[in-house]
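Colleague: Please read through the structure below; I'll follow up with questions.
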Amino acid sequence: MNALLLVARREIVAQVRTRAFAIGLAVMVLLVGGATFAPKLFGGPDSYALGTVGTSALQIQDAKWTTYRDEASATKALKDGDVDAVIAGKKVLSNGELDPKLDALLQSANAQAQIKAAGLTITPLNVVSVGPGADAEHTRRGLAFIVVLVLFMLIISTPMMVAMGVVEEKGSRIVEILFTTVRPWQLLGGKILGLGAVGLINLAGVIAAGLVAATASGLAADLPPGLAGIVAGVVVWFILGYTFFAALAAALGSLVSRQEEVGNALAPMTTLIVVAYGVAFYALGDPGSTVARVVSLLPPFSAIVMPVRTAAADVALWEVAVSGVLLLAAVAGIVLLGARIYERAVLRTGARVRIGDVLKSS
Amino acid sequence: MSPEVADIGVYCCHLPLGTLGGMLETVELRKSFGRPVLDGVSLAVRPGEVFGFVGANGAGKTTTMRIVMGVLTPDGGEVRWQGEPLDFAARRTFGYLPEERGLYQKMRVAEQITYFGRLHGLTPQAAARATGALVERLGLAERANETVQALSLGNQQRVQLAVALVHDPAVLVLDEPFSGLDPLAVDALGEVLRERARGGVPVIFSSHQLELVERLCDSVGIIANGRIVAGGTVDELRAGGRTLTEIFRQAAMGEAAK
């Protein structure tokens, strides 16, 4: 087996065995599963529990009717939350303000019942949607929100593991032994490849959790038709974005020799990701705005903003293509530059290496 | 110039020509970190020879070894192996124990040794076999499945040695391999080094334990202020009836007096 793959395999095994990996994956799965279930828990009910006192039930789809003896028992049931509204003669009893949607349903059902009683028949208007329904729109925003969250967490934590690995090898001088048998690009490439695979395992877990939760909660019916494309897109954008930030993290990490310095050394990278995250959040609310459109073309921010835009709304294919090509070029550039910095800085132990010194020296 | 103060290269002349191929040489190595650290270090380690590299702290032993292993680039001079300038492919066959020990703390002992064996190009089976033998030999069998960080420093040192030896190296470069070892481990390692040398491998190691050097080595090089100030076979150096310690002291002081 080639040295690069040996390094990658070691990274995967070393990470997957840690408790941090299991906990991190569990937390993300629960978070995404929960976020997928949430609209079901906090959103309005799909069916109503209704009651009558001395009148007959109205024709309302999916309503469950209960008959009460008198207004007193109906009031008690309302206050206990057993029933959403009770029709008592010409009154509608409710606990506080009546849900406007239910109000409209009751009024229209009542009107229809009276018209029918008068011997007239009316043909109700049939609504045919030519665009996504309000529910689908809502679900799509929710999906985009989850995409932002997951990409942010993975794109910041996985390159951080790369940097920590680089510093572990530099600080302990293992790198001196490794470089007698492995080329710097093999060590760095194997590390980025292996930890990228770990990131993909996390991503796959999260996607599976999201899909299972969506199916279980019945939300899947509202998901946009191009879901497979959106998911595939997220994976591709993750790979590109991760590679960019991993190369950057390796270069920045190679400048320091101690784990305590990693956070500080990575500050430029985390700043970039947080900015991308902020814009992505903005794009979530207004995916078609100029800011969102421009930033979704701009590497490395595009790695997070573009998948969010495609998840939140339909994006022209040319925009996706331009964004992808630009990001790919940026990834190639940063990988070459990062490998160069890494190779020169990783053997210089001791005080923090200045990036200018590294680039100047031949 | 006293008889022992000479270029060690001259001592290889009694070797049959055929074995010249497996010789490790440094030729006029120079290196400066602001101040000169190596000032033309030339030495030669013949195949099957155990070479003791001796000198005060800061004399240039580690810098020389780091240059041999490609960790540092010399300002001048070169390292030769089998008569040719040493390159990456050839260096891959070397075994190296750096001055500052480095292991993956969270990796298990046997896995770590096997991993380095694989990186040096061994097949999974060969790496596992070599690991098993070394773990046994270095007294780590009971610790094979523990993580490195769970071991005592002495045992970590043994793992480090196993990492340097696992791929059956063509040359051994060991920076203070005996430091931190108990007497039993010192004997075990000494035996391993002699055994590798008998197989035709040039072995170079640095040490401050002069009686150990006297006992184990075929030849010795004494470095002071970045220059080889004395060298030769142990017998040659002791021909004047003096111990290595006395020679060392005189060489170091002579250099300091300049």
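Colleague: Residues to consider are A:Val291, A:Val295, A:Val305; find the one that is loosely packed, with under 14 Cβ neighbours inside 10 Å, touching a helix residue (DSSP H, G or I) at 6+ places or on another chain (Cβ under 8 Å) and in the same structural domain as A:Val335 (by TED's automatic domain parsing).
Modeller: A:Val291
Colleague: Search the range B:91-106 for residues that are at the interface with another protein chain (Cβ under 7 Å from one of its Cβ atoms) and without any contact (Cβ under 8 Å) to a residue 24 or more places away in the chain and pair each with any residue that is part of a strand (DSSP E or B) and surrounded by 16 or more Cβ atoms within 10 Å (Cβ to Cβ) when their beta-carbon atoms are under 9 Å apart and the residues are at least 6 apart or on different chains.
Modeller: Between residues of the range B:91-106 that are at the interface with another protein chain (Cβ under 7 Å from one of its Cβ atoms) and without any contact (Cβ under 8 Å) to a residue 24 or more places away in the chain and residues that are part of a strand (DSSP E or B) and surrounded by 16 or more Cβ atoms within 10 Å (Cβ to Cβ), the close pairs are B:Arg91/B:Val79; B:Arg91/B:Trp81; B:Arg91/B:Val171.
Colleague: Considering each residue of the range B:164-195, count those that are within 15 Å of the chain's Cα centre (by Cα) and within 18 Å of B:Thr62 (Cβ to Cβ), and give that number.
Modeller: Number satisfying all stated conditions: 10.
Colleague: Another question, then. Looking at this structure, is A:Ala221 away from chain B (no Cβ under 14 Å), in a helix (DSSP H, G or I) and at pLDDT below 85?
Modeller: Taking the combined requirement at face value, the residue satisfies it.
Colleague: Of everything in the range B:60-79, what is surrounded by fewer than 15 Cβ atoms within 10 Å (Cβ to Cβ) and within 15 Å of B:Ser42 (Cα to Cα)? Give them in sequence order.
Modeller: B:Asp75, B:Gly76, B:Glu78
Colleague: Contact list please: Cβ distance under 9 Å, first residue in the range A:1-19 and within 10 Å of chain B (Cβ to nearest Cβ) and under 13 Å from A:Trp185 (Cβ atoms), second residue among the polar types (S, T, N, Q) and assigned to a loop (DSSP other than H, G, I, E, B), pairs at least six apart or on different chains.
Modeller: A:Ala3/A:Thr181
Colleague: In addition: Which residues, taken from the range B:113-129, are crowded, with 21+ Cβ neighbours inside 10 Å, touching a residue at least 12 places away in the same chain (Cβ under 8 Å) and under 19 Å from B:Leu172 (Cβ atoms)?
Modeller: Answer for the range B:113-129, where residues must be crowded, with 21+ Cβ neighbours inside 10 Å, touching a residue at least 12 places away in the same chain (Cβ under 8 Å) and under 19 Å from B:Leu172 (Cβ atoms): B:Ile113, B:Phe116, B:Gly117, B:His120, B:Ala127.
Colleague: So which pairs qualify, if the first residue must be in the range B:49-71 and within 14 Å of chain A (Cβ to nearest Cβ) and of a type in the set (Val, Ile, Thr), the second must be assigned to a helix (DSSP H, G or I) and surrounded by fewer than 24 Cβ atoms within 10 Å (Cβ to Cβ), the Cβ gap must be under 8 Å, and the two must be at least 6 apart or on different chains?
Modeller: B:Val71/A:Glu176
Colleague: Quick one: what pairs do we get from the range B:206-223, first residue assigned by TED's automatic domain parsing to the domain that holds B:Val186, second β-branched (Val, Ile, Thr) and part of a loop (DSSP other than H, G, I, E, B), C-beta under 8 Å, 6+ apart or different chains?
Modeller: Listed by first residue and then by second, the contacts come to B:Leu210/B:Thr243; B:Glu214/B:Thr243.
Colleague: Those residues that are among the small types (Gly, Ala, Ser), surrounded by 20 or more Cβ atoms within 10 Å (Cβ to Cβ) and at pLDDT below 90, I need them from the range A:143-178; list them, please.
Modeller: A:Ala144
Colleague: Right, something else. Would you mind finding the one in B:Arg238, B:Arg227 that is outside the structural domain of B:Ser152 (by TED's automatic domain parsing), closer than 26 Å to B:Phe33 by Cα and over 14 Å from the mean Cα position of the chain (by Cα)?
Modeller: B:Arg227
Colleague: Which residue out of B:Gly200, B:Gly190 is under 23 Å from B:Leu244 (Cβ atoms) and more than 14 Å from chain A (Cβ to nearest Cβ)?
Modeller: B:Gly190
Colleague: Taking B:Ala110, is it of a type outside the set (Val, Ile, Thr) and either facing another protein chain (nearest Cβ under 9 Å) or surrounded by fewer than 21 Cβ atoms within 10 Å (Cβ to Cβ) (or both)?
Modeller: no
Colleague: While we're on this one: Working only within the range B:113-128, note down all residues that are under 30 Å from B:Ala44 (Cβ atoms) and either within 9 Å of chain A (Cβ to nearest Cβ) or in contact with an Asp or Glu (Cβ under 6 Å, 6 or more places away or on another chain) (or both).
Modeller: B:Phe116, B:Leu119, B:His120, B:Gly121
Colleague: If the Cβ limit is 7 Å and pairs must be 6+ apart or interchain, which residue in the range A:166-181 that is within 7 Å of another protein chain (Cβ to nearest Cβ) and more than 17 Å from A:Ala14 (Cα to Cα) pairs with which residue that is of a type in the set (Val, Ile, Thr) and part of a helix (DSSP H, G or I)?
Modeller: That search, which allows pairs on different chains as well, returns A:Ile177/B:Val163.
Colleague: Now for a separate question. So which residues in the range B:178-214 are under 20 Å from B:Thr114 (Cα atoms) and either in contact with a Gly (Cβ under 8 Å, 6 or more places away or on another chain) or of a type outside the set (A, V, I, L, M) (or both), if there are any at all?
Modeller: Result: B:Arg196, single match.
Colleague: A follow-up question, please. Which residues, taken from the range B:40-85, are outside any helix (DSSP H, G or I) and closer than 18 Å to A:Pro184 by Cα?
Modeller: Scanning the range B:40-85 gives B:Met69, B:Gly70, B:Val71, B:Leu72, B:Thr73.
Colleague: For the range B:139-166, enumerate the residues that are in a loop (DSSP other than H, G, I, E, B) and surrounded by fewer than 23 Cβ atoms within 10 Å (Cβ to Cβ).
Modeller: B:Gly139, B:Leu140, B:Ala144, B:Asn145, B:Glu146, B:Leu151, B:Ser152
Colleague: Still on this model: Among the numbered criteria (1) modelled with pLDDT under 90; (2) at positive phi, which one does B:Ala59 miss?
Modeller: Of (1) modelled with pLDDT under 90; (2) at positive phi, only one is false for B:Ala59: (2).
Colleague: Here is a further query. Against the conditions (1) facing chain A (nearest Cβ under 10 Å); (2) within 15 Å of the chain's Cα centre (by Cα); (3) among the aliphatic types (A, V, I, L, M), where does B:Val79 fall short? Just the number, please.
Modeller: (1)
Colleague: Within the range A:254-294, how many residues are in a helix (DSSP H, G or I), modelled with pLDDT of 90 or more and among the β-branched types (Val, Ile, Thr)?
Modeller: 7
Colleague: Check A:Ala246, A:Ala228 and return the single one that is under 21 Å from A:Leu203 (Cα atoms), buried (at least 18 other Cβ atoms within 10 Å of the Cβ) and in the same structural domain as A:Glu169 (by TED's automatic domain parsing).
Modeller: A:Ala246
Colleague: For residues that are over 45 Å from the mean Cα position of the chain (by Cα) and surrounded by 17 or more Cβ atoms within 10 Å (Cβ to Cβ), scanning just the range A:67-111, find the one that is farthest from A:Thr55 (Cα to Cα).
Modeller: Once the filter is applied, the top-ranked residue is A:Tyr68.
The values are calculated or read from the model by the stated rules, or taken from the named source; none is laboratory data. Everything numeric in this text was worked out from a predicted model, so none of it was measured. Here the Cβ is made from the backbone with ideal geometry for all residues, glycine too, and neighbour counts use every protein chain on show.
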